[in-house]
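Asks: One structure coming up, written as structure tokens, with questions to follow.
Every number in this text was worked out from the coordinates using simple rules, so none of it is lab data. Quick caveat, the model's predicted, so the values are computed rather than measured. Quick reminder, even Gly has a Cβ in these numbers, built from the backbone with ideal geometry, and neighbours come from all protein chains shown.
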Amino acid sequence: MLFYSINNKFRAMLLVLIVVSTSCGKKAINLSKTPKIEFESIDLIKDANGKDSIIELAIYFEDGDGDIGLTDTDTAAPFNYGSPYFHNMPIKYLVKDGSGNYTELINPIDMEPYGNKHQRVPVLTPTSKHKLITGTLRVFLNANPLNTKPADAKFEIRLMDRNLNISNTVTTPSVQLSH
């Protein structure tokens, strides 16, 4: 009987030790309310002729209060068309010039930066009590924008939340394109 009692006490103490050690070992996750992004990957999608057609970018993101994304009705200032916040994921399309430097792709018609690659990320805010959010955003870009046939490109990306907090800027590695 004494053995049974000691054995049960040992089991109870072991269970308490396991619970205490795992609860003490857990770290509270505190992420900044300013979004943070990291480059994950860049892939090329070929057309039927084996030429690069689409560039797929994968970007990891995290945000402590989860206020990432805009709805179709978010069109009043500061999210109105023409505002720098209309696209909450601005992307610069950089191409290598003749001297080996990367410069933003310019539309030869109006001599303005090629701007239609910016993204408008939809609302990703969790409906649960805890709003912290992490994940991967996938962006698909034209490998031959404006029929310029760039041989070498890379991208600068940022992410903005609804409180107008702007993430760090990520620059992807360069990618060689075949047209």
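Asks: In the structure shown, do any of LYS36/LYS96; LYS36/LYS149; LYS117/LYS154; LYS33/LYS96; LYS46/LYS149 have a Cα-Cα gap over 24 Å, and if so which?
Replies: Check vs 24 Å cut-off fails for LYS36/LYS96; LYS36/LYS149; LYS33/LYS96.
Asks: Taking amide H positions as placed 1.01 Å from N in the peptide plane, with prolines and chain starts having none, which residues 5 or more places from SER53, or on another chain, fall under 5 Å of its amide H?
Replies: It is ILE45, LYS46, ASP47, by chain and number.
Asks: By per-residue mean of other Cβ atoms within 10 Å, what is the highest-first order of 51-57, 61-67, 99-105?
Replies: So the peptides 51-57, 61-67, 99-105, ranked by packing, come out 61-67, 51-57, 99-105.
Asks: Right, something else. Would you kindly calculate the translational diffusion coefficient of the range 41-166, applying Stokes-Einstein with the Kirkwood radius from alpha carbon pairs, for 25 °C and a viscosity of 0.890 mPa s, and quote it in µm² s⁻¹ without decimals?
Replies: 152 µm²/s
Asks: Going toward the positive end of the dipole of the range 36-176, with +1 on Lys and Arg Cβ and -1 on Asp and Glu Cβ, which of ILE166, PRO84, SER128 do you reach last?
Replies: So the residue furthest toward the plus end is SER128.
Asks: Here is a follow-up. Pulled fully out, how much extra length does the chain show between SER128 and ASP72, if you take 0.36 nm times their separation in residues and subtract their Cα-Cα distance?
Replies: 17.9 nm
Asks: Something else about it: Non-local amide H neighbours of THR34 (under 5 Å, H modeled in plane, Pro and chain starts lacking H): which ones?
Replies: Excluding prolines and chain starts, which carry no amide H, the hits are GLY64.
Asks: Okay, moving on. Under a crude label model (7 Å from the Cα following the beta-carbon direction), how far is THR136 from ASN107 in nanometres?
Replies: Output for this residue pair reads 3.2 nm.
Asks: Using θ = phi - 60° and the Karplus curve 6.51 cos²θ - 1.76 cosθ + 1.60, what whole-Hz ³J(HN,Hα) does each residue of the range 38-54 get, with Gly and Pro shown as x?
Replies: 9, 6, 10, 7, 9, 10, 10, 10, 8, 8, 5, 8, x, 9, 5, 10, 10
Asks: In nm, to one decimal, how far is the modelled label at ARG120 from the one at GLU156, with both set 7 Å along Cα→Cβ?
Replies: 2.4 nm
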